[in-house]
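Report on the structure given below.
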Amino acid sequence: MDRDAPATAGEEARRLAKLALPLVAVHAGSQVAAFVDMVFVGRLPATQIAAYGIGSGALFAVVAFGMGCVFGIEALASQAVGAGERVLARRSLWQGVRIALVLSVPIMAAILLIPRLVALAGVESATVAEIGRYLLGRLPGIPAFLVATACRAYLQAEGATRPIVFSMLVFNAVNLALDAMLIHGDRTLLALGLAPIGLPALGVLGCGLASAVSATVGLTVLALGIRGLECPPDADRRKLHPELMRSALRLGIPFGGQGAADAGGFAMLATMAGRIGAEAAAAYSVAISWGALTYTISYGIGSATSVRVGWFVGRGDTPSARRAGLVGLACGAVFMACAGIVFFTAGGPLARLLTDKAAVAAAAVPLLAIAALFQISDGTNAIATGALRGAGDTRSPFLAMLIGVYGVAVPAAWYFAFRTGLGGEGLWWGATIGLSAAAIILFTRFWLLSRRHIERV
């Protein structure tokens, strides 16, 4: 992977794209799995569709904290690679694995509490019961998911994207097969013209189990990819290195807080939709599935931006780090603007791709139109966060998300949805305002930070 400083912004864009495209494929691939889930779940009753939307959002709000804590190794590893210290980069990986395994226990415990918290928020009891079934299926895959996060962070820092892409392809293939078998059981076989074999239809429980098994298989592929990556000999790479661990946590905890705040805010919006009714929550699930797809593509660009910024910071080249960050932001803005146009003009067909319930699809169309407006802000948040993470600043994104989500988005969404009578549309107007506020803060922070020399973490 070319880590030399580019001569122009156009050259930086070309090199960013070379790294970003496989990462975009990976992050989009993770959303493809969610799309596959939604296609199968979207044929279930509205109560189960709502349960999937609320449950997956709440689960991600919890898991996002662990992911962020693990991803604290990314800046350490990318800056180490930029400085030619690959032994340090590999040691960072093993600190991330330790963080992932330790955090798995409290995260799994927190996931078990989600149905009770959702019930307290006033969601219908039938939906709460289905949420519990879905989360029970997802639970066994949490440790593998978090360890895989550490593996991806290290491979990204090394510029070794091929194992990540292959892992995602395997993950999606396994998830598709298991979704088909576990969610609808023998009905899937009959639809394919095959003889039934007694497979039970597990509904959202089957969806959760499919994700858990797929995560474990995907981790195996990543581990094999790391084993095949050349690295200088180091007998101590798997040992605990307290100073390196502290650095990883110092960077990771704020990033985890930011991820939890972001995902938690959207989980609260999904729960508010559940209070409006199962149909409104189902429409929210459909619309957020499309919004999450475009966000994951921006997140892939942000990951590549983080790595390139980190490489240049490791070399002591702040001007190139600044250029990498700004080029990444420009690329993300162009993509998200195009995605917004598609959302606005083709909301009906997009909604009908994910559900055969006419009322749910109709309710999702205006939500997609509103989502078109916050696409640029959403992408800016993802990419500016990546640029700041590469520079070693994870506190600013955390604070920006607290302000944008809980200071603006959630109260505005509640007001528009329940006080003005806008319902589900009001939730999305609140999200639009909050995401825009966070985007302004994050862009301004990177602009100011990169105007002076950025010290290596």
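The values are calculated or read from the model by the stated rules, or taken from the named source; none is laboratory data. Since the model is a prediction, treat every value here as computed from it, not as a measurement. Virtual Cβ from ideal backbone geometry, glycine too; neighbours counted across all protein chains shown.
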Tell me, which residue of the stretch 241-271 that is closer than 23 Å to GLY302 by Cβ and among the polar types (S, T, N, Q) is nearest to the chain's Cα centre (by Cα)? GLN258
Looking only at residues that are touching a residue at least 40 places away in the same chain (Cβ under 8 Å) and over 15 Å from GLY332 (Cβ atoms) in the stretch 434-446, which one is nearest to the chain's Cα centre (by Cα)? GLY434
Candidates GLY340, GLY404, GLY316 - the one that is in contact (Cβ under 8 Å) with a residue 24 or more places away in the chain, within 20 Å of the chain's Cα centre (by Cα) and surrounded by fewer than 24 Cβ atoms within 10 Å (Cβ to Cβ): GLY340
Consider ALA412 against the criteria (1) in contact (Cβ under 8 Å) with a residue 60 or more places away in the chain; (2) out of contact with any Asp or Glu (no Cβ under 9 Å at 6 or more places or on another chain); (3) outside any loop (DSSP other than H, G, I, E, B): it satisfies all of them except one. Which criterion is unmet? (1)
State whether the residues of the stretch 6-14 include one that is surrounded by fewer than 19 Cβ atoms within 10 Å (Cβ to Cβ), over 25 Å from VAL313 (Cβ atoms) and either of a type in the set (S, T, N, Q) or in contact with a helix residue (DSSP H, G or I) (Cβ under 8 Å, 6 or more places away or on another chain) (or both). no
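Name the residue, out of ALA384, ALA351, that is touching a Leu at 6+ places or on another chain (Cβ under 6 Å) and of a type outside the set (Val, Ile, Thr). Even if it seems obvious, please write down each step before you answer.
Numbers: ALA351 fails: touching a Leu at 6+ places or on another chain (Cβ under 6 Å).
Step by step, each of ALA384, ALA351 is checked, and only ALA384 is touching a Leu at 6+ places or on another chain (Cβ under 6 Å) and of a type outside the set (Val, Ile, Thr).
Just checking, which of ARG452, ARG419, ARG389, ARG456 is buried (at least 21 other Cβ atoms within 10 Å of the Cβ) and of a type in the set (Lys, Arg)? So that I can check it myself, show each step before the final result.
Details: ARG452 fails: buried (at least 21 other Cβ atoms within 10 Å of the Cβ); ARG419 fails: buried (at least 21 other Cβ atoms within 10 Å of the Cβ); ARG456 fails: buried (at least 21 other Cβ atoms within 10 Å of the Cβ).
Checking each option against the conditions leaves just ARG389.
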Within the stretch 442-457, tally of residues that are within 21 Å of ARG250 (Cβ to Cβ) and either aromatic (Phe, Trp, Tyr) or part of a helix (DSSP H, G or I) (or both): 4
Residue check, ARG237 more than 15 Å from the chain's Cα centre (by Cα) and modelled with pLDDT under 85: yes
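Which of the residues belonging to the stretch 416-457 are among the hydroxyl-bearing types (Ser, Thr, Tyr) and closer than 17 Å to ARG395 by Cβ?
From the stretch 416-457, those among the hydroxyl-bearing types (Ser, Thr, Tyr) are 420, 432, 436, 444, 450; that's our starting set.
Passing the criteria: THR444, SER450.
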